[in-house]
1. Using just the alpha carbons, could you tell me how many Å³ per residue the convex hull of segment 162-229 encloses?
2. Size of segment 1-119 along its principal axes in angstrom, Cα-based, largest extent first?
3. Provide the three semi-axes, in whole Å and in decreasing order, of the ellipsoid equivalent to the chain as defined by the square roots of 5 times the Cα gyration tensor eigenvalues.
4. Mind checking the dipole of the chain: about its Cα centre, +1 per Lys or Arg Cβ, -1 per Asp or Glu Cβ, Debye to the nearest 20?
5. Give me the Å³ per residue figure for the convex hull around the C-alpha atoms of segment 139-199.
6. How much accessible area per residue does the chain have, in Å², with a 1.4 Å probe?
7. Mind ranking 102, 248 by accessible surface for me, highest first, 1.4 Å probe?
8. What translational diffusion coefficient, in µm²/s and rounded to a whole number, does the Stokes-Einstein relation yield for segment 219-265 at 10 °C and a viscosity of 1.306 mPa s, taking the hydrodynamic radius as the Kirkwood radius over Cα pairs?
Amino acid sequence: MPNFGTHLRAAMEASGPLCVGIDPHPALLQAWGLENSPAGVRSLSLTVVEAMVGVAAILKPQVALYERFGSAGFAVLEETLSLAKSAGILTLADAKRGDIGSTMAAYATAWLDDASPLASDAVTLSPYLGYESLRPAIDLAAQTGRGVFVLGLTSNPEGPSVQHVGGEKSVAKSIIDQVTAENAGAEDMGHVGLVVGATIGDAPAKLGIDLSATKAPLLTPGLGAQGATARDIAAAFAGSYSQVLGTSSRDILKVGPSVNALRAKAAQVRDELLAAG
């Protein structure tokens, strides 16, 4: 079975290296003229899926913004994931799950098992109970041709207080080294990706981290609304830019609810990413 990295590379070559977040925040719903309700979230989500066919390699619904409506929100998320699959777009559930033992195995089943209504092509994971605590998800993803994205170097102000501790033997480097080992057998990209903020600057160099050696798909939140441009990302990820998924949510979604406007904005961002490389 082709691994997730192979599927993702094909999607990136066909549609470009863009990940579009589906983030139905209350303020965005209001800006679109929608109610802050499951019905409003459904309208926004299905519109984004329709608009992104052919211009985004992968869609990233923010699970928390569905979860806040309980079972009704999860029903909308299931429908969104199903529609994206039917449209031929990969999905990444931004759930940031992380636990131990049977609980982690249950999270893995929820997001990565063929039989689950929430099954996505990939899921984000938090490794801060120890990288090996994620093993049930990492292994199930490999078995089902899916992927995981492990939090590596995030750009939130609080991140360095944990991730950078230890300097060249930092927590982040330890996590990223283990991802590198996981992907060692991949010809191109492996099934274990990393979340690395687009605005982290020279943190990898300071911490002795070589992202190109990881063979990891690199999800880089921060494009657009958080201030990073395609050129910034190309400069920061100079040696690993071919692995980068430029990630944008608010900067693209703010032009909705017009399908044509959303598609045009996403195509513009995608083309900027391609030109920067």
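1. About 87 Å³ per residue, rounded to a whole number.
2. Largest to smallest, the principal-axis extents are 43, 38, 20 Å.
3. 27, 22, 18
4. 380 debye
5. Considering the Cα atoms of segment 139-199, their hull volume per residue is 100 Å³.
6. With the other protein chains kept in place, the chain gives 41 Å² per residue.
7. Listed by decreasing accessible area, they come as 102, 248.
8. For the chosen part, D equals 139 µm²/s.
The values are calculated or read from the model by the stated rules, or taken from the named source; none is laboratory data. Bear in mind that the values here come from a model prediction, so they are computed numbers and not experimental data. Cβ: placed from backbone, ideal geometry, glycine included. Neighbour counts: every protein chain shown. Quick note on the areas: whole protein, heavy atoms, side chains included, nothing else; ligands and nucleic acids left out. Shrake-Rupley method; radii C 1.70, N 1.55, O 1.52, S 1.80 Å.
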